[in-house]
Amino acid sequence: MERVQIERLVAGGDALARMSDGRVAFVDGALPGETVDIEVVQSKKDFVKARLIEVVDSSKDRVVPACPHVADGCGGCSWQHLHTAIHMSAKLEIVRESLRRVAKLGDIDVREGGSVPIDHARTTLRMAVMPSGRMGFRRAQSNEVIGIESCLVAHPLLQELITDARVSGASEATLRCGAESGDRGVWLHDERGRNVKTAVIEGIADDVQVGRRAIIRETVHGVTLEVSMSSFFQSSPQAAELIVSAVNDAAGDAALSGEDGPIIDAYGGCGLFGATLIDLEVPVTLVESNKSACADARRNLRDHRARIEEIAFEQWQPTRAGLVIADPARSGLGKTGVSTIVGTRAKTVVLVSCDAVAGARDIGLLVEAGYACNGVTVLDVFPYTHHVEMVSRFTLES
Ligand SMILES: C[S@@+](CC[C@H](N)C(=O)[O-])C[C@H]1O[C@@H](n2cnc3c(N)ncnc32)[C@H](O)[C@@H]1O
């Protein structure tokens with residue numbers, strides 16, 4: 001055991017401290033300014049992972065978790081112990097530090113965007129199934145499933161499903177509802193998101209659709225979208241609204257009007273950006289690797305001048321564009337995604353990143369490739385967690 005002083009919160013949600021031997025310690029559950037006793041659980045040459053044993057001198061920003069399941073070990077929300085008023089400033093600092101450390105870009109303008117309501121907003125939840133058939137969330141860094149009676153972040157339409165449903169034959173379930181439509185659905189699958197045809201669910205109301213092809217309608221920016229259970233959708237309609245607005249501001253009217261050339265919606269999912277931000281007559285190509293999301297996009301963009309390319313973005317043959325909107329999964333664009341964007345010669349690029357480190361790396365790669373980064377807006381769309389959402393704007397340097 002060692003007593004340490006916590007310096008700051010880092011990407012991934014842990015708190016950083018220095019050990020007496022000079023190594024960095026990443027401590028789960030501690031806060032900046034606190035003096036804590038820790039126990040090393042994993043030791044590496046330059047750093048250790050440590051467990052919080054006791055808070056000796058507590059931060060004024062520490063609160064009693066609002067959710068009772070944190071005490072049971074639920075790993076769903078990593079920052080329940082940090083006052084919600086501090087979440088945005090902590091996320092801004094994590095983004096700035098990632099840009100300094102990973103991209104070596106300390107001078108980028110990083111601004112605060114909006115936050116979604118804290119409680120009962122999430123309309124999509126991925127849950128694990130217990131041997132009893134009840135649903136829960138995994139303990140942090142563990143496969144153990146903690147049973148959940150009610151979830152503080154879940155939309156009220158999902159609460160009853162969480163409490164009453166009993167699942168057999170599948171290890172995980174995705175629950176989704178439409179806040180505006182009232183639609184509800186459940187999809188049973190394995191840990192890798194593969195459909196399990198033989199799985200059974202009991203105890204749910206008649207209106208709940210079951211299966212990966214079930215379609216949930218959700219309204220964003222006044223547009224009703226159809227989203228299949230096995231397609232990606234933002235965590236809540238409020239999150240989708242915030243991201244759509246930030247992308248709109250970053251892209252600007254000229255680029256969105258098609259003035260600079262066609263638009264590429266890379267990693268376009270069910271067509272959220274195309275349907276909400278792009279006029280019907282403006283040519284847009286949506287590139288997306290997931291079959292079900294492409295089928296949704298074909299429906300959601302049926303009245304647009306849209307081309308849907310069902311292919312991994314990194315394998316797509318780039319075509320000339322005026323604007324690229326890229327919203328990759330957590331792993332980000334990487335070198336191949338960036339070189340595909342560069343191949344479009346787009347004047348404006350808007351990058352949506354949901355991981356501070358991958359986002360900073362991608363920003364660095366785009367800057368290296370000749371794009372100027374005009375600023376990063378940080379959104380808080382995952383309340384009670386360390387997860388950040390970043391919307392960055394780039395213009396091609398001539
Ligand atoms: C963060 S989601 C964004 C979706 C959409 N922009 C939205 O806001 O609803 C990322 C999307 O990228 C897709 N995807 C993941 N890897 C991909 C790849 N290599 N190439 C193309 N699409 C990919 C996923 O299926 C998912 O729909």
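The values are calculated or read from the model by the stated rules, or taken from the named source; none is laboratory data. Please read all numbers here as calculations on a predicted model, not as lab measurements. Cβ placement follows ideal geometry from the backbone for every residue including glycine, while neighbour counts extend to all protein chains displayed.
Some notes on this structure:
- Take the conditions (1) in contact with a Ser or Thr (Cβ under 7 Å, 6 or more places away or on another chain); (2) not in a strand (DSSP E or B); (3) not aromatic (Phe, Trp, Tyr); Gly113 misses just one of them, which is (2).
- Test: residue in segment 254-272 that is outside any loop (DSSP other than H, G, I, E, B), crowded, with 21+ Cβ neighbours inside 10 Å and free of Cβ contacts under 8 Å to residues at least 60 places away in the same chain: yes
- When the criteria are applied in full, Ser235 meets the requirement of being touching a strand residue (DSSP E or B) at 6+ places or on another chain (Cβ under 6 Å), within 16 Å of the ligand (Cβ to nearest atom) and at pLDDT 95 or above.
- Qualifying residue in segment 152-169 (condition: within 20 Å of Ser292 (Cβ to Cβ), modelled with pLDDT of 95 or more and either surrounded by 15 or more Cβ atoms within 10 Å (Cβ to Cβ) or of a type outside the set (A, V, I, L, M, F, W, C) (or both)): no
- Output for segment 310-332, where each listed residue is more than 8 Å from the ligand (Cβ to nearest atom), more than 16 Å from Ser231 (Cβ to Cβ) and of a type in the set (Asp, Glu): none
- Being of a type in the set (A, V, I, L, M, F, W, C), at pLDDT 95 or above, within 21 Å of Ala66 (Cα to Cα) and under 18 Å from the mean Cα position of the chain (by Cα) holds for only one residue in Ala121, Ala90, and it is Ala90.
- Residue among Gly22, Gly33 that is at positive phi, in contact (Cβ under 8 Å) with a residue 12 or more places away in the chain and not in a strand (DSSP E or B): Gly33
- Scan of segment 61-93 for residues that are closer than 19 Å to Met135 by Cα and in contact with a strand residue (DSSP E or B) (Cβ under 6 Å, 6 or more places away or on another chain), ordered by number: Asp72, Gly73, Cys74, Gly75, Gly76
- Those strands (runs of 3 or more DSSP E) lying entirely in segment 131-250 with at least 1 residues among the acidic types (Asp, Glu): 172-177, 200-202, 215-220, 223-228
- Any hit, segment 129-141, residues being in contact with a strand residue (DSSP E or B) (Cβ under 8 Å, 6 or more places away or on another chain), within 25 Å of Ala297 (Cβ to Cβ), buried (at least 19 other Cβ atoms within 10 Å of the Cβ) and outside the structural domain of Leu301 (by TED's automatic domain parsing): no
- Only residues that are in a loop (DSSP other than H, G, I, E, B) and farther than 30 Å from Val153 by Cα were counted in segment 361-387, giving 2.
- Look at segment 312-327: where a residue is over 15 Å from Glu259 (Cα atoms) and touching a residue at least 60 places away in the same chain (Cβ under 8 Å), no partner that is of a type in the set (D, E, K, R) and away from the ligand (no atom under 14 Å from the Cβ) sits 6+ places away or on another chain with Cβ atoms under 9 Å.
- Leading residue by the ranking (farthest from Asp253 (Cα to Cα)) among those in segment 281-323 that are assigned to a loop (DSSP other than H, G, I, E, B) and among the basic types (Lys, Arg): Arg302
- Looking across segment 243-297, the residues that are of a type in the set (Asp, Glu) and near the ligand (Cβ under 9 Å from one of its atoms) come down to Asp265, Glu288.
- Checking the stated criteria, Leu99 turns out not to satisfy the condition of being modelled with pLDDT of 95 or more and under 18 Å from the mean Cα position of the chain (by Cα).
- Among (1) more than 16 Å from the ligand (Cβ to nearest atom); (2) acidic (Asp, Glu); (3) touching a residue at least 24 places away in the same chain (Cβ under 8 Å), the one test that Glu368 misses: (3)
- Screening the candidates Arg96, Arg8, Arg3 for the property of being basic (Lys, Arg) and assigned to a helix (DSSP H, G or I) yields one hit, Arg96.
- Verdict on Gln80 being part of a loop (DSSP other than H, G, I, E, B) and polar (S, T, N, Q): yes
- Only one entry in Gly337, Gly370, Gly343, Gly332 is touching a Gly at 6+ places or on another chain (Cβ under 9 Å) and at pLDDT 95 or above, namely Gly332.
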